[in-house]
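> The structure is given below, and queries will be raised subsequently.
The values are calculated or read from the model by the stated rules, or taken from the named source; none is laboratory data. For clarity, every value in this text was computed on a predicted model and none was experimentally measured. Cβ atoms come from the backbone with ideal geometry, glycine included; neighbour counts cover every protein chain shown.
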Amino acid sequence: MDIDIKLTDNQKKAMSVLKDAVHTAIWYWGWAWWWKSFLWVIWLWLMCIKYPGVRYALVRDTIKNLKNTTVVSLEKFYDKYNIPVDMRWKLNEQKSLIKFANWSTIILLEWCYYPSDPLYNRFWSLELTWAFIEESAEVPLDAIKIITTRVWRYKNEEYWILWKVLETFNPNPWHVYERFYQWKWWPKSIFIESLVYSNTFMDKWYIENLENADESIKKRLLYWQWDFEDDTWMLFKKKDIDNLFTNEQKWSIYYIVADVARFGKDTTRISLRKWNTWKKVRTYKKNTVTEVIDSILFIAGQYDVDHRNIIIDSDWVWWWVVDWISYCTWFINNSSPIVTGSKQNYANLKSQCAFELKRQIENWEIAIDWDHNNKDADRHDLQQELLNTYIDEKSLDWKTKIESKDRMKERIWRSPDLLDTMIMRMYPELRWQTYEMVEDYLYAIDR
């Protein structure tokens, strides 16, 4: 069937790459509305019609969003170009599958985090020809890596067609920054950026609205700039976070910081610090109290850690852990802030420690030198957590605090466990400030 599809120059370039026998990873940034979706819709439809029985994956956070946005884009394409009924798809709501008459299949795949499947094991059974990941900046890197291994597994050799993974996104300071902007991926990849001004079909009022928007929005969506500060309420800035992995390492006293999962539902993180240099992370997806205690004591014995330098999250039932480790330091998030020499108005201890962490990161006083397994994945997770730490501007009592953990979970789909251990590590620092204040006072009395 011949249809006259109008494409921009960048869409034509992307389409030629999607059909070539060279590139396997295509990263595409598009504009608002459905121009970005329009590209993958055409590619998907053409390939499914041309190659009977192929299997394609559409990936987004939830099935609901896939049906409300991605599937709607298909319907708009059919209506716009009067595609015959026998060349359209049929949606199986129960199985979340789209099937064509020639048995080509589109799988609607949600990447949202399941506590019962933290490692995305549900993806390993997939056999795909191609995949499309929408808004990939929001997708955990581990999920993307697994999906990438599942293509080239279904009818590629039969039709002699190369596997392809198409990702679309907007500029973002998370893993897409390193993978696309800093170009740290594989050689058979290509990045195609499409500015608003390059879209000859875009309505003028949309461009005018962007030109009158906030500066951070203009930089990201109008001028395609990556190095920007997105929000004045962000506690940590990206340039300071990047320095964590190159800062000078100081001192030799060891600390252990443990953020223990509630009832085994989240993730337990036990981290080892050499003063303020982060050396190791031990992660448990599911654990018992005994396992946590044994692991902490083993690391303490291995590195001769003073029990007073073991900091453990002590909210709720995990008092059981601190009860079995004598002289350790209890950290209770919502307890009262520590009184120090400077004027402060924090809502709780956790917020106070978070702002102390901000100060030390900005002053290059913290370093990370990981040598444990999964350190690359942990680096991604930590960066995401730090960049999603916001000051709560809606505090009713006018006391300074950071947003709740539940609010962050809504954005990143998991618990910010690594960030929590960084915040908890600041507790001894604040206590030392208190001791120094007392010593100065006693010194003044003696004189």
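> Just to be sure I understand the filter: pairs with C-beta atoms under 6 Å, separated by 6 or more residues or on different chains, first member in the range 293-315 and in contact (Cβ under 8 Å) with a residue 24 or more places away in the chain and outside the structural domain of ALA258 (by TED's automatic domain parsing), second member assigned to a helix (DSSP H, G or I) and crowded, with 20+ Cβ neighbours inside 10 Å. Which pairs pass?
Close Cβ pairs satisfying both conditions: none exist.
> Inside the range 345-364, can you point out the residues that are modelled with pLDDT under 90 and surrounded by fewer than 16 Cβ atoms within 10 Å (Cβ to Cβ)?
Passing the criteria: only ASN345.
> While we're on this one: Which of the residues belonging to the range 110-137 are more than 18 Å from ILE26 (Cβ to Cβ) and either without any contact (Cβ under 8 Å) to a residue 60 or more places away in the chain or charged (D, E, K, R) (or both)?
Initial filter on the range 110-137 (more than 18 Å from ILE26 (Cβ to Cβ)): 110-127.
Answer for the range 110-137, where residues must be more than 18 Å from ILE26 (Cβ to Cβ) and either without any contact (Cβ under 8 Å) to a residue 60 or more places away in the chain or charged (D, E, K, R) (or both): GLU110, TRP111, TYR114, SER116, ASP117, TYR120, ASN121, ARG122, PHE123, TRP124, SER125, GLU127.
> Given the conditions (1) crowded, with 20+ Cβ neighbours inside 10 Å; (2) of a type in the set (A, V, I, L, M); (3) at pLDDT below 80, which single one is not true for MET424?
Among (1) crowded, with 20+ Cβ neighbours inside 10 Å; (2) of a type in the set (A, V, I, L, M); (3) at pLDDT below 80, the lone unmet condition for MET424 is (3).
> Please verify whether ILE98 is in the same structural domain as ILE192 (by TED's automatic domain parsing), touching a helix residue (DSSP H, G or I) at 6+ places or on another chain (Cβ under 7 Å) and either outside any loop (DSSP other than H, G, I, E, B) or of a type in the set (A, V, I, L, M, F, W, C) (or both), treating the condition exactly as stated.
Taking the combined requirement at face value, the residue does not satisfy it.
> Name the residue, out of ASP369, ASP381, that is crowded, with 20+ Cβ neighbours inside 10 Å, at pLDDT 85 or above and under 27 Å from ASP240 (Cβ atoms).
Every option except ASP381 fails the conditions.
> Of the residues that sit in the range 260-274 and are buried (at least 17 other Cβ atoms within 10 Å of the Cβ) and part of a loop (DSSP other than H, G, I, E, B), which one is modelled with the lowest pLDDT?
So the first thing to find is which residues in the range 260-274 are buried (at least 17 other Cβ atoms within 10 Å of the Cβ), and the list is 260-261, 264, 266-274.
This time we only want the ones that are part of a loop (DSSP other than H, G, I, E, B), so: 260-261, 264, 266-267.
Numbers: VAL260: 85, ALA261: 77, GLY264: 50, ASP266: 66, THR267: 81.
Among residues in the range 260-274 that are buried (at least 17 other Cβ atoms within 10 Å of the Cβ) and part of a loop (DSSP other than H, G, I, E, B), the one modelled with the lowest pLDDT is GLY264.
> Can you report the number of residues in the range 108-159 which are part of a loop (DSSP other than H, G, I, E, B) and of a type in the set (Ser, Thr, Tyr)? It would help to see each step written out before you state the result.
First, pick out the residues of the range 108-159 that are part of a loop (DSSP other than H, G, I, E, B): 111-113, 115-116, 118-120, 124-129, 134-135, 139-140, 151-155.
After this cut, where a residue has to be of a type in the set (Ser, Thr, Tyr) as well, the list is 113, 116, 120, 125, 129, 154.
The number of residues fulfilling the criteria is 6.
> Let me ask something else. Go through (1) in a helix (DSSP H, G or I); (2) modelled with pLDDT under 90; (3) aromatic (Phe, Trp, Tyr) one by one and return the number of the condition PHE298 breaks.
(2)
> Consider the range 96-124. How many of its residues are farther than 22 Å from ALA377 by Cα, small (Gly, Ala, Ser) and out of contact with any Leu (no Cβ under 9 Å at 6 or more places or on another chain)?
Count: 2.
> Out of all the residues in the range 72-90, which are crowded, with 16+ Cβ neighbours inside 10 Å and either outside the structural domain of ILE49 (by TED's automatic domain parsing) or not in a loop (DSSP other than H, G, I, E, B) (or both)?
SER73, LEU74, PHE77, TYR78
> In the range 323-375, which residue that is aromatic (Phe, Trp, Tyr) and part of a loop (DSSP other than H, G, I, E, B) is farthest from LEU119 (Cα to Cα)?
TYR327
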